[in-house]
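Enquirer: Questions regarding the structure given below will be posed in turn.
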Amino acid sequence: MDRETRATAEQHFQAAGAGIRGGGLAPVGVAFIREPCAFSYADFVTGFLLPNLPCVFSSAFTASWGCRRRWVTPAGKPDFEYLLRKYGDVVVPVANCGIQEYNSNPKEHMPLQDYIAYWQEYIQRGGSSPRGCLYLKDWHLCSGVCCSRALHRGSPAEDLEDVFTLPAYFSSDWLNEFSDALGVDDYRFVYAGPRGTWSPFHADIFRSYSWSVNICGRKKWLLFPPGQEEALRDNHGTLPYDVTSSTLMDTHLHPTHLPSSPALEVVQEAGEMLFVPSGWHHQVHNLVRMTPSPSTTTGSTAATWPTCGTSCSRSSRLCSEKLASGRTPCPTGTTTARSS
Ligand SMILES: O=C(O)CCC(=O)C(=O)O
């Protein structure tokens with residue numbers, strides 16, 4: 001595309017996003033927050049929550065988490081033995097990434113031990129299976145396991161601590177407090193799967209905010225600021241299932257698609273925590289062999305969080321960081337802009 005057309009497209013998106021917090025074009029890089037001790041709750045609120053911008057927290061923020069210590073082998077791989085011992089008999093939801101059902105994937109349920117057997121065979125076969133590409137996703141570990149087991153041993157809080165510690169930045173969590181109080185499904189999820197598993201294009205429930213920590217492996221996120229998804233609709237007004245599909249280049253099918261407005265691409269390494277602001281559509285790909293991750297959704301009573309989502313983990317391996325040159329709007333000296 002020539003420069004003039006690109007500028008016109010950018011102006012179009014800026015105008016379209018003017019009324020939407022965090023709307024418009026994706027920033028060129030995501031802010032990377034290195035040091036927990038130098039980054040306050042107020043820094044998060046003013047730098048990211050209010051402007052509705054994503055950021056990545058370094059693995060230092062999750063170093064003490066139980067799942068990082070117990071679910072991963074010293075080699076940085078999923079500790080299947082531990083997971084089998086602890087949760088092998090728990091029934092988990094499993095999606096088939098190879099089959100599109102509307103804008104999602106069909107799901108089945110199976111004991112975790114069966115899923116791990118599938119996964120190990122998938123690895124042995126070099127990354128394939130006659131059963132397709134199966135992804136353990138949306139597992140309500142906290143409400144389903146921690147709390148029911150807690151009836152027998154320890155308190156829910158103690159069992160939850162065993163997996164993760166709610167970061168102070170996301171402690172205003174009324175959505176989960178509400179569901180916990182009612183005793184219904186919460187908005188905390190675990191995802192786990194081999195390379196090639198992925199989550200189709202979507203935005204989080206109730207326009208919630210969310211956060212996600214990668215336990216081991218590596219994940220790629222494609223993030224679109226609120227409003228930008230409009231340009232991805234097809235000629236029937238339907239949002240895409242897969243934003244990487246070449247059909248998006250078909251101008252008859254996608255008359256408003258502008259390749260000049262790419263997604264913000266973020267590669268999330270092991271231990272890193274991604275904040276996904278409200279209304280940001282996203283698509284997620286697991287890039288390495290194994291990717292287990294717990295996640296949560298939360299809400300707060302503060303007016304600035306009509307609902308907030310907290311997705312609390314994922315898994316990945318270490319990869320090299322690419323640091324962009326710019327600084328972020330964050331008021332502390334601990335952030336660096338990063339893009340993949
Ligand atoms: O990790 C994934 O596959 C999907 C996570 C996600 O989309 C979310 O937490 O909203």
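Enquirer: I want to confirm something. Restricting to the stretch 212-227 and keeping residues that are surrounded by fewer than 24 Cβ atoms within 10 Å (Cβ to Cβ) and touching a Phe, Trp or Tyr at 6+ places or on another chain (Cβ under 7 Å), which single residue is modelled with the highest pLDDT?
Expert: The selected residue is Leu223.
Enquirer: Return the residues of the stretch 100-147 that are charged (D, E, K, R), over 24 Å from Tyr241 (Cβ atoms) and under 23 Å from the mean Cα position of the chain (by Cα); say none if nothing qualifies.
Expert: The answer is none; no residue qualifies.
Enquirer: Would you check which residues across the stretch 212-228 are within 14 Å of the ligand (Cβ to nearest atom) and not in a strand (DSSP E or B) and list them?
Expert: Passing the criteria: Ile215, Cys216, Arg218.
Enquirer: I'd like the residue in the stretch 174-211 that is among the charged types (D, E, K, R) and buried (at least 20 other Cβ atoms within 10 Å of the Cβ) and, out of all such residues, is farthest from the ligand (Cβ to nearest atom).
Expert: Residue satisfying both the conditions and the ranking: Asp186.
Enquirer: Against the definition (within 14 Å of the ligand (Cβ to nearest atom) and surrounded by fewer than 19 Cβ atoms within 10 Å (Cβ to Cβ)), how does Asp234 come out, yes or no?
Expert: The answer is no for Asp234.
Enquirer: Can you find even one residue in the stretch 52-68 that is surrounded by fewer than 20 Cβ atoms within 10 Å (Cβ to Cβ) and without any contact (Cβ under 8 Å) to a residue 24 or more places away in the chain?
Expert: No: zero hits.
Enquirer: Of all residues in the stretch 160-196, count the ones that are aromatic (Phe, Trp, Tyr), touching a strand residue (DSSP E or B) at 6+ places or on another chain (Cβ under 7 Å) and farther than 30 Å from Ile99 by Cβ.
Expert: 2
Enquirer: Then there is this: On the given criteria, is Pro78 modelled with pLDDT under 95, under 25 Å from Leu274 (Cβ atoms) and surrounded by fewer than 14 Cβ atoms within 10 Å (Cβ to Cβ)?
Expert: The answer is no for Pro78.
The values are calculated or read from the model by the stated rules, or taken from the named source; none is laboratory data. Being a predicted model, the structure only gives us computed values, none of them experimental. Cβ: placed from backbone, ideal geometry, glycine included. Neighbour counts: every protein chain shown.
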